[in-house]
Amino acid sequence: MLSLHKKMKGLFMFIEIDEPFICEKCGKSVEPLGYTSRDHCPYCLYSKHVDKDPGDRAEECHGALKPIGLENNAKKGYTIIYQCEKCGAIRKNKMANDDDFDLLMKIVAENSFKF
Ligand SMILES: [Zn+2]
Ligand SMILES: [Zn+2]
């Protein structure tokens, strides 16, 4: 188990390291994932625009990433497609195995006309 606690700055609610956080969007407390770093909320599925490249935290936008779709990749499995509510950038995050899949399906259905 990596102990990277000192790297945590409080500013970043969605951090690359696997630690509990409070979701900025829905206010739920999110437990660590356990097998990889959690990069989005499993309840509302929102993420945060903090990476230029995955995990680098080099992005200064910090806008909310809204889940807008789902991609099924043969190698990587399901990837959630996000659009930043602030700058409009499209990002992708790997789906976690405790994500709310029903909610994801709803989002996909509601947004499918855009694709
Ligand atoms: Zn949430
Ligand atoms: Zn952004």
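What follows is calculated from the coordinates using simple rules that are stated; it is not laboratory data. None of the values given here were measured: they were computed from a predicted structure. As a convention, Cβ positions derive from the backbone with ideal geometry for all residues, glycine included, and neighbour counts pool all protein chains shown.
Key figures for this structure:
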item	result
Table column - 3J(HN,Hα) (Hz), the range 29-35, Karplus curve with 6.51, -1.76, 1.60, x for Gly and Pro	8, 10, 7, x, 6, x, 10
Theoretical gain in end-to-end length, Asn111 to Asn73 [0.36 nm per residue, Cα-Cα removed]	11.8 nm
Order of His40, His62 - criterion: other Cβ atoms within 10 Å of each residue's Cβ, fewest first	His62, His40
Sorted by Cβ neighbour density within 10 Å, fewest at the top, the residues Tyr43, Tyr82, Tyr35	Tyr35, Tyr43, Tyr82
Rg and Dmax of the range 43-115, Cα atoms only, in Å	12.0, 32
